[in-house]
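Student: A single structure is presented below for examination.
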Amino acid sequence: MPSEWSPAVGARRGGAPTEAAGDRGAITMTTIIDGNEIGDRIRADVGDCVEALADAGVTPGLATVLMSDDEASETYVSMKQRACEEIGIESYHHEIDADAPAERLFDRVEELNADPSVDGVLVQMPVPDHVDARRVLRSIDPMKDVDGFHPENVGRMVSGDPRYKPCTPHGIQKLLAAVDVDTEGKDAVVVGRSDIVGKPMANLLIQKAPGGNATTTVCHSRTEDLAAKTRQADIVVAAAGVPEMIDGSMLSEGVVVVDVGVNRVDADTEKGYELVGDVEFESAKRKAAAVTPVPGGVGPLTIAMLMYNTVKAAGLRAGVDVELP
Ligand code: NDP
């Protein structure tokens, strides 16, 4: 069961909005964790580092490579480019036809690895089926692997000596810290075991380091009685990609819920769909001490941490110390 603690009620830095939890009156509040605000703050701090690098004659550069016709992937890439431009990171965008031979992508990555104006190389996933995704991750120079997915960077993270932490789980650590949720000694349940979210999230949570020291359970599609696991948790990170699969009945009072899921479901809107998380927000809110919304929760942090890693890469390349937030 969640231990006796009350995170973030009037105690967080930066003023994410809080709401009274409907059936518990004004005594207990549910913090709706405002990822936009926390992400903006981190981006501003990273922007200060970009200025410090500029003083040292260094302009960070991020190259994005898109080999997909997927509308969501196009949107993610353009959001990343825009975020770069806003804080003074040079962005270079490369598009490759989705049906082009795989070697065209690998050749491009090789060029970017060798390009001295590029500090970070990001190939937007997923790549088409005829491209070996694992080879893509291995092909990026580990020093330019600002997604943190190269085996060398994964190994460093797992062994407790991270170079670039993967952006989404790192962003979640920042979100929790921003609302004063201390993970140490807590029971955390991560739902999902993907290489980009679930596994690195669980890894960061078990590290003997700030944002870690949690007793962590990883659940997946073969987990039996998921609700029994999530009900034991102080912190639930939902990253399954299944719309609203976790509702309030699967949570304990006072839990902190981080909803990573971004799922399109049909809706009577202009676009014909709406975005929902993996958590059923309204019922979860009635149980939780703090919860992230979708959209506006984890997503902005993922982008902010990409900027963070790119600036870190530029500092490492140039041998300039940058004081990242
Ligand atoms: P994947 O599809 O790669 O992985 C999903 C994981 O969830 C798998 O490990 C799978 O188990 C598990 N899973 C699926 N169904 C269930 C279930 N019914 N019960 C328990 N576990 C289940 O997804 P990603 O990790 O890439 O992404 C997860 C979600 O997060 C998606 O909605 C994605 O859009 C979103 N996302 C959001 C980001 C953001 O910045 N906000 C960034 C990245 C992702 P198994 O391994 O057994 O198949």
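Student: What residues have an amide H closer than 5 Å to that of Ala240, excluding those fewer than 5 places away on the same chain, when H is modeled at 1.01 Å from N in the peptide plane?
Tutor: For Ala240, whose amide H was placed from the backbone, the distant partners under 5 Å are Gly261.
Student: Using Cβ contacts closer than 10 Å as the measure, can you line up Phe106, Phe281 from fewest to most? Mind dumping the intermediate values first?
Tutor: Values: Phe106 16, Phe281 21.
Exposure proxy ranking, most exposed first: Phe106, Phe281.
Student: What are the ³J(HN,Hα) couplings of region 272-283, residue after residue, when phi is run through the Karplus curve with 6.51, -1.76, 1.60 and θ = phi - 60°? Round to Hz, x for glycine and proline.
Tutor: Listing the rounded values in order: x, 8, 9, 9, 10, x, 8, 10, 7, 4, 5, 6 Hz.
Student: Fewest first, what order do Tyr164, Tyr92 take by the number of other Cβ atoms within 10 Å? Before the final figure, lay out each step's value.
Tutor: On the way: Tyr164 28, Tyr92 17.
In order of increasing Cβ crowding within 10 Å: Tyr92, Tyr164.
Student: What FRET efficiency comes out for His220 versus Glu51 if R0 is 45 angstrom and r is the Cβ-Cβ distance? Round to the nearest 0.05.
Tutor: It comes to 0.55.
Student: Amide H to amide H under 5 Å from Tyr273: which residues, 5+ apart in sequence or cross-chain, H placed 1.01 Å off N in plane?
Tutor: For Tyr273, whose amide H was placed from the backbone, the distant partners under 5 Å are Ala267.
Student: Report the semi-axes of the equivalent ellipsoid for region 173-325 in whole Å, largest first, where each axis is √(5λ) for an eigenvalue λ of the Cα gyration tensor. Could the numbers behind the result be given before it?
Tutor: Working: eigenvalues 148, 86, 38 Å².
Calculated on Cα positions only, the semi-axes equal 27, 21, 14 Å.
Student: Could you work out the pair-distance distribution P(r) of region 56-107 from its alpha-carbon pairs, with 5 angstrom bin width and percents rounded to whole numbers?
Tutor: The calculated distribution, bin by bin, is 5, 18, 25, 20, 16, 10, 5, 2, 0.
Student: Hey, another quick one. If you stretched the chain out fully between Glu95 and Asp70, how much longer would it get, using 0.36 nm times the residue separation minus the C-alpha to C-alpha distance?
Tutor: Length gained, Glu95 through Asp70: 7.8 nm.
Student: Within the set of other residues whose C-beta is less than 13 Å from the C-beta of Gly272, count the net charge using Lys and Arg as +1 and Asp and Glu as -1.
Tutor: Here the charged neighbours net out to -3.
Student: With +1 on each Lys and Arg Cβ and -1 on each Asp and Glu Cβ, how big is the dipole of the chain about its Cα centre, in debye rounded to the nearest 20?
Tutor: Values: 31 positive and 54 negative charges, 229 e Å.
Here the size comes out at about 1100 debye.
Student: I'm a student and want to see the number: the projected area of the Cα convex hull of region 235-325, averaged over all directions, in nm². Numbers along the way, then the final one.
Tutor: Working: hull surface 31.7 nm².
So the Cα hull casts an average projection of 7.9 nm².
Student: While we're on this one: Which whole-angstrom value gives the distance between the alpha carbon centres of region 84-100 and region 264-325?
Tutor: Each part reduced to its Cα centre gives a spacing of 20 Å.
Student: Let me ask another. Determine the relative contact order of region 161-268: mean sequence separation of Cα pairs under 8 Å and six or more apart, normalised by residue count, in whole percent. Spell out each step's value before the answer.
Tutor: Values: 171 pairs, mean separation 26.6, N = 108.
It comes to 25 percent, rounded to a whole number.
Student: While we're here: As an exercise, use a Förster radius of 30 Å and the Cβ-Cβ distance of Ser249 and Met79 to find the FRET efficiency, rounded to the nearest 0.05.
Tutor: For Ser249 and Met79, the calculated efficiency is 0.30.
Student: Give me the percent relative contact order of the chain, please, defined on Cα pairs under 8 angstrom at least 6 residues apart. Spell out each step's value before the answer.
Tutor: Working: 690 pairs, mean separation 75.5, N = 325.
Once divided by the residue count of the chain, the mean separation gives 23 percent.
Student: Would you give the gap between the C-alpha center of region 33-54 and the C-alpha center of region 110-142, rounded to a whole Å?
Tutor: Region 33-54 and region 110-142 have Cα centres separated by 25 Å.
Student: Taking only DSSP H segments of four or more residues, each worth -39500 (n - 2.57), what value at 222 nm results for the chain once the sum is divided by all its residues, to the nearest 500 deg cm²/dmol?
Tutor: Details: 10 runs with 119 residues, N = 325.
Mean residue ellipticity, 222 nm, calculated: -11500 deg cm²/dmol.
Student: State which helices in the chain qualify, where a helix is a whole DSSP H run, it must extend 20 Å or more along its own axis by its Cα atoms, and its mean Kyte-Doolittle hydropathy must be at least 0.0. Display every interim value, and only then the final one.
Tutor: Details: long enough: 35-55 (30 Å, -0.27); 71-87 (25 Å, -0.75); 299-318 (29 Å, 0.71).
Going by DSSP H runs, the hits are 299-318.
Student: Could you grab the relative contact order for region 125-182? Cα pairs under 8 Å, six or more apart, rounded to a whole percent.
Tutor: Working: 37 pairs, mean separation 12.2, N = 58.
Averaging sequence separation for qualifying contacts and normalising by length gives 21 percent for region 125-182.
Student: Additional query: For the chain, report the % of Cα-Cα distances exceeding 37 Å.
Tutor: On the way: 8493 of 52650 pairs.
The proportion of pairs with Cα distances above 37 Å equals 16 percent.
Only the coordinates and a few stated rules stand behind these numbers; no lab work does. All values reported here derive from a predicted model rather than from experimental measurement. All Cβ positions, even for glycine, are placed from backbone atoms using ideal geometry, and neighbour counts span all protein chains on display.
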